[in-house]
Amino acid sequence: MKSATVFVISLISLMALVMLNQTWAESWLIYSKPDLPWQVWRFLTASFCHTNFYHFAINSAGLIVIWQLFKAHLDWLHLSVLIPVISMFVALALWLFNPEVIWYVGLSGTLHGVFSYAVCQDIAKKVALAWPLLLGLIIKLGFEQFGVEQTMMANMIEANVLVDAHLYGAIIGLACYFLNLCLIGKIKTPKAHS
């Protein structure tokens, strides 16, 4: 668990450094449609940029809460694979399916993915609160997709809330869970001898 603590603190510190260099981040790190796909690193780095301190604080707190809630499944190895993979695929999904999105920043899509991955792990382990947590995620995503305005949050972060990123993140986290199941199944399944 100490390695996971170091990973989470390091990620939050990295995001804080990016926040302190906002002009540079806007030039080189954010998801910027005109710069994609040629500056391919932006598919990853956009998740670590934020519009303002509130946006940074909300995402940092979300990371800590999700990690603490699911720390049985989120060791440093899982976090160090899930966060970049989900971040890249959320941005790629936005690029493919939301051509109207010109710029994007923030970790919230990735956090939805890590949450959906970890809650599926809890369901598999028959943790009592897993199903209510999954239901809460589904209800939240449903409200976001079908018209509940994000006015208060948008005012705080000084940008529109890109709810499609949350949906893509949750779907990608679910895909990561099933991919992990397939990989574990192949590793644990002994091969038949001829």
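Exposed loop positions in the chain were taken to be trypsin sites (Lys or Arg not before Pro) whose DSSP state is not H, G, I, E or B and which have at most 13 other beta-carbon atoms within 10 angstrom. Between these positions, the longest stretch is 1-124. For the stretch 52-148, the relative contact order is 31 percent, taking Cα pairs closer than 8 Å that sit 6 or more residues apart in sequence and dividing their mean separation by the residue count.
When the Cα positions of His55, Thr23, Asn155 are compared along the charge dipole of the chain, His55 comes out farthest toward the positive end, with charges on each C-beta of Lys, Arg, Asp and Glu.
Put a plus charge on the Cβ of each Lys and Arg, a minus charge on the Cβ of each Asp and Glu, and nothing anywhere else: the dipole of the stretch 83-160 about its Cα centre is then about 380 debye.
Listed by chain and number, the aspartates and glutamates whose C-alpha is less than 18 Å from the C-alpha of Lys125, apart from same-chain residues fewer than 8 away, are Asp75. Dipole of the chain computed with +1 at Lys/Arg Cβ and -1 at Asp/Glu Cβ about the Cα centre; of Phe143, Tyr168, Phe97, farthest Cα towards the positive end is Tyr168. Projecting the Cα atoms of Val40, Gly109, Val119 onto the dipole axis of the chain, where Lys and Arg carry +1 and Asp and Glu carry -1 at the beta carbon, places Val119 farthest toward the positive end.
Charge dipole of the stretch 11-135 (Cα centre as origin; +1 on each Lys and Arg Cβ, -1 on each Asp and Glu Cβ, all else neutral): 260 debye, rounded to the nearest 20. Between the Cα long axis of helix 53-69 and the first principal axis of the chain there is an angle of about 10°, rounded to the nearest 10. Accessible surface calculations at 1.4 Å, restricted to protein heavy atoms, place the chain at 57 Å² per residue.
All alpha carbon pair distances within the chain were sorted into 10 Å bins beginning at 0; the resulting P(r) in whole percents reads 9, 35, 36, 15, 4, 1, 0. Along its principal axes, the stretch 86-134 has C-alpha extents of 41, 17, 16 angstrom, given from the largest down. With respect to the chain, whose longest principal axis is taken over its alpha-carbon atoms, helix 76-97 is tilted by about 60°. Relative contact order for the chain: 25 percent, from Cα pairs under 8 Å spaced at least 6 residues apart, divided by residue count.
Annotation for Ile139 and Ile64: the two label points, set 7 Å from Cα along the Cα-Cβ direction, are 2.6 nm apart.
The values are calculated or read from the model by the stated rules, or taken from the named source; none is laboratory data. Model, not experiment: these values are computed from the prediction. Counting neighbours? That spans all protein chains shown, and the Cβs are built from the backbone with ideal geometry, glycine included. With ligands, DNA and RNA removed, areas are computed over all heavy atoms of the protein, side chains included. Shrake-Rupley method; radii C 1.70, N 1.55, O 1.52, S 1.80 Å.
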